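A.B. asks: Quick one: the structure is below, and I'll ask about it shortly.
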Amino acid sequence: MNTEIILETQALQKRFTGRKPFFGEAKVVRAVDGINLKIRRGETLAIVGESGCGKSTLARLLVRLMSPSDGTVVYQGRNIANVPAEDMRHLRRDLQFIFQDPFSSLNPRMTIGALIEEPLLVHNIGDRQDRRAKVAAMLARVGLPASVIDRYPHEFSGGQRQRIGIARALITEPKVVIGDEPVSALDVSIQAQVINILQDLKEALGLTLVIIAHDLAVVRHMADRVAVMYLGEIVEQGPVADLFANPKHPYTAALIAAIPVAQVGARSAAAQLQGDPPNPIDLPTGCRFHPRCPHATEVCTTTRPALAATGPDRWAACHHAATLSLQGHAATGQTRSAAAQARFDLYRDRSADAARTTTPT
Amino acid sequence: MSNPVTLDTAPSRQEVSEVLPPKQSRVWRKLRKNPAALLGGGIVAFFCIVAILAPVLPIPGPAATDFGAVRKAPSAVHWFGTDELGRDMLSRMIWGAQASLMAGVVSVTIALVIGVPLGVAAGYARGWTDAAISRVTEALLAAPFLILAIAMAAFLGPSLTNAMIAIGISAVPIFIRLARAQTMQVLTEDYVEGATAIGLTHRDIIARYILPNIVPPLLVQATLTIATAIIAEASLSFLGLGQQPPAPSWGSMLNTAKQFLEQAPWLALYPGIAIFLVVLGFNLLGDGLRDALDPRDN
């Protein structure tokens with residue numbers, strides 16, 4: 001694995017301030033609270049966590065769809081949190097975003113052809129013929145017929161629209177693509193299709209992917225590394241297989257225990273997590289997870305744990321990371337029936353053929 | 001198997017390129033099925049055609065007097081009768097349609113041209129721009145539409161052009177409000193954030209993302225406001241602030257007719273019916289458009 005850092009955040013913070021009441025202080029939500037993240041070139045990094053933990057805010061900060069309250073986001077040596085707006089516009093060629101909701105992320109008044117071509121126009125890429133060829137090639141890559149270019153988004157299903165969204169995001173051949181829950185709005189069968197397309201394109205274009213997700217099954221399938229977020233902080237980080245097999249933070253263990261198991265007798269005893277995440281306006285003292293943690297002790301209620309190394313490329317923010325032995329989840333998803341394998345291979349071949357025949361090189 | 005996203009579910013080519021529904025204009029399909037909207041459209045089209053054809057129709061001039069035939073009831077020679085100066089009422093009705101329809105369309109165009117950019121600016125920029133534009137809009141809205149139009153027409157001086165300007169300006173706040181609210185609503189859509197994400201400028205976002213998406217409600221409002229503007233023009237002309245004699249307009253014809261309600265009721269009848277029909281036509285058409293452009297039900 002390449003360890004060159006392509007995108008890095010330092011002490012990144014995003015605070016949302018409420019309306020100031022007549023008496024007292026305005027309430028502040030710390031959606032992202034001091035995140036240090038190093039994203040390596042060519043990897044797929046998954047950021048997981050419950051709803052409301054700040055994942056989507058973090059995703060938007062990474063490409064400056066929101067401006068941070070504090071801290072930096074460094075891309076190729078430049079802090080994109082404060083580059084001039086015009087420079088940022090040019091940088092967007094390299095930093096693209098895939099939205100969660102395929103039903104509201106495409107302009108209903110533009111044709112599919114115009115939607116996919118638009119980023120090329122914005123960044124002055126190619127002449128008219130080049131752009132048309134690129135659009136046709138990209139449509140083939142996401143598995144849509146070339147005849148769709150004159151149609152409008154409302155004529156398509158959710159999965160098809162998400163593939164259009166992916167085509168639009170990848171047409172400029174960006175370096176980094178952030179996906180804000182790119183498949184969570186889709187049916188499970190369609191999810192697999194979209195994930196496969198995303199992975200194929202990642203290989204073909206040498207992308208770095210950052211996937212925001214709450215579905216650990218998706219994460220396990222796609223990611224190289226995982227960062228677990230809880231209430232605006234990263235509580236654990238590590239390579240996907242290692243982290244799933246051997247979680248160091250009780251929160252990660254609880255998330256893993258919540259994965260449904262389709263095997264008699266393999267279910268974990270009881271749900272480990274109780275209650276809802278605390279109100280992010282009124283955060284708990286010490287470790288933010290301690291009110292819900294089955295292993296919490298005195299120190300957890302008073303002292304906030306820092307993210308510390310627990311092994312090679314492994315980090316966890318828990319006072320007891322070294323002593324706890326937490327239940328992991330061994331890899332089981334690798335056994336594939338012969339028929340499934342054959343179908344999978346066929347799909348890959350056909351996709352590759354389609355991409356080859358429609359790319360005029 | 002813990003993983004629902006297994007590779008078993010990888011799609012075949014058939015699944016990926018599934019058959020798409022045929023392309024059709026949903027708006028037109030829905031409008032065609034709405035008899036009230038078709039009726040409204042028909043009425044509006046009828047009056048427009050008649051008004052446009054006024055110069056070529058075999059009718060006497062609208063100002064040609066015939067003192068041998070003053071205040072004559074409808075007959076084979078004068079289908080709609082004649083007025084107090086012996087002018088042919090049918091001719092004056094047809095020429096008056098020009099004034100009324102023009103007043104409606106021109107004043108609403110003025111309102112759109114001024115109101116939409118201000119409304120979009122307020123909704124897009126927010127902050128003090130919005131505050132300034134909205135406060136002025138509210139001040140204008142505080143005065144009733146017709147009173148404002150009368151005051152402004154009186155200030156500008158009586159003529160059809162000034163009446164149109166006065167009505168147009170009085171209708172501006174409606175369009176500022178609507179454009180502002182619609183812009184704010186479109187701004188909450190992911191596709192506007194998506195436009196920022198691919199690197200579009202504010203100008204392009206407004207031109208390609210905001211404006212096309214706020215057109216349907218503005219179109220509906222414009223159609224309905226044309227009806228209001230036609231009434232306003234008739235009211236101003238009735239008060240002597242609009243079309244000046246001898247040129248005809250339905251409002252000024254009503255003004256004259258009120259002196260002869262007993263002797264020649266047809267003088268008031270025809271302009272009254274015409275105003276009623278045109279306003280009804282625009283309202284039915286506007287309502288039909290509103291339903292047809294609503295994407296919520298197909």
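Each reported figure results from applying straightforward, stated rules to the coordinates on display, with no laboratory input. Since the model is a prediction, treat every value here as computed from it, not as a measurement. Neighbour counts run over all protein chains shown; Cβ positions are idealised from the backbone, glycine included.
A.B. asks: Within 10 Å of each Cβ in peptide A:156-162, how many partner chain Cβ atoms are there on average? Round it to a whole number, please.
C.D. replies: Shielding by partners across A:156-162 averages 2.
A.B. asks: Just checking the output field for B:185-191: average partner chain Cβ neighbours within 10 Å of each residue's Cβ?
C.D. replies: 5
A.B. asks: For chain B, what does the helix formula give at 222 nm: sum of -39500 (n - 2.57) over DSSP H segments with n ≥ 4, over the residue count, nearest 500 deg cm²/dmol?
C.D. replies: Value at 222 nm, helices only, nearest 500: -22000 deg cm²/dmol.
A.B. asks: Which residues in segment B:64-97 place their backbone N less than 14 Å from a point set 7 Å from the Cα of residue B:57 along the Cα-to-Cβ direction?
C.D. replies: Output list for this probe position: B:78-81, B:88-97.
A.B. asks: What ratio of Cα Rg to 2.2 N^0.38 Å holds for chain B?
C.D. replies: Working: Rg = 25.4 Å, N = 298, 2.2 N^0.38 = 19.2 Å.
Normalised Cα radius of gyration, chain B: 1.32.
A.B. asks: For a quick check: with amide H placed at 1.01 Å from N, whose amide H comes under 5 Å from residue A:69's, ignoring anything fewer than 5 positions away on the same chain?
C.D. replies: Result for residue A:69 returns A:13, A:14, A:15.
A.B. asks: Under 14 Å from the 7 Å Cα→Cβ point of residue A:224, by amide nitrogen: which residues of segment A:138-178?
C.D. replies: A:176-177
A.B. asks: Normalised by the residues of chain A, what does the relative contact order come to in percent, with Cα pairs under 8 Å and at least six apart?
C.D. replies: In percent, rounded to a whole number, it is 18.
A.B. asks: In addition: Looking only at other chains, what is the average number of their beta-carbon atoms within 10 angstrom of each beta-carbon in A:101-113? Don't skip to the end; give the middle numbers.
C.D. replies: On the way: counts 3, 1, 2, 7, 7, 4, 11, 5, 8, 4, 0, 0, 0.
So the per-residue partner count for this stretch is 4.
A.B. asks: What base-10 log of the normalised intensity I(q)/I(0) is obtained for chain A from the Debye formula, alpha carbons as equal point scatterers, at q = 0.13, 0.15 Å⁻¹?
C.D. replies: Cα-only, vacuum Debye calculation for chain A: -1.10, -1.37.
A.B. asks: Still on this structure, I have one more. Based on DSSP H runs of at least 4 residues, each adding -39500 (n - 2.57), what is the mean residue ellipticity at 222 nm of chain A after dividing by all its residues, to the nearest 500 deg cm²/dmol?
C.D. replies: Numbers: 11 runs with 118 residues, N = 361.
For chain A, the value works out to -10000 deg cm²/dmol.
A.B. asks: Another question about this same structure. Shape of segment A:95-231 from its Cα gyration tensor (a ≥ b ≥ c, root eigenvalues): rounded if a/c is under 1.5, otherwise prolate when a/b > b/c, or oblate?
C.D. replies: Details: a/c = 1.93, a/b = 1.49, b/c = 1.30.
Prolate, because a/c is 1.5 or more and a/b exceeds b/c.
A.B. asks: Residue by residue, what Karplus-based ³J(HN,Hα) values in Hz, rounded to whole numbers, does segment A:109-116 have, using 6.51, -1.76 and 1.60 with θ = phi - 60° and x for Gly and Pro?
C.D. replies: Once θ is set to phi - 60°, the couplings for segment A:109-116 become 9, 10, 6, 4, x, 5, 4, 6 Hz.
A.B. asks: Given a Förster distance of 45 angstrom, what is the FRET efficiency for residue A:214 paired with residue A:78, based on the Cβ-Cβ distance and rounded to 0.05? The partial results should precede the final answer.
C.D. replies: Numbers: r = 31 Å, r/R0 = 0.69.
The pair residue A:214/residue A:78 has a calculated efficiency of 0.90.
A.B. asks: Out of every Cα pair in the protein assembly as shown, what percent are spaced more than 38 Å from each other?
C.D. replies: 51
A.B. asks: Karplus couplings for segment B:267-272 from phi (6.51 cos²θ - 1.76 cosθ + 1.60, θ = phi - 60°), rounded to Hz, Gly and Pro as x?
C.D. replies: Computed from phi, the couplings for segment B:267-272 are 4, 8, 4, 5, x, x Hz.
A.B. asks: Would you mind checking which residues have amide H under 5 Å from residue A:97's amide H? H placed 1.01 Å from N; only 5 or more apart, or other chain.
C.D. replies: A:178
A.B. asks: Another one. Whole-Hz Karplus ³J(HN,Hα) for segment A:228-240, in order, using 6.51 cos²θ - 1.76 cosθ + 1.60 and θ = phi - 60°, x for Gly and Pro?
C.D. replies: Along segment A:228-240, the couplings run 9, 10, 9, 6, x, 10, 8, 9, 7, 8, x, x, 4 Hz.
A.B. asks: Listed highest first by mean packing, meaning other Cβ atoms within 10 Å per residue, what order do A:341-354, A:242-255, A:279-292 come in?
C.D. replies: Averaged packing, sorted descending, gives the order A:242-255, A:279-292, A:341-354.
A.B. asks: How much FRET efficiency would the formula 1/(1 + (r/R0)^6) give for residue B:77 and residue B:276, where r is the Cβ-Cβ distance and R0 is 22 Å, rounded to 0.05?
C.D. replies: For residue B:77 and residue B:276, the calculated efficiency is 0.25.
A.B. asks: Between residue A:203 and residue A:36, what FRET efficiency follows from the Cβ-Cβ distance if R0 is 35 Å, with the result rounded to 0.05?
C.D. replies: Efficiency computed from Cβ-Cβ geometry: 0.75.
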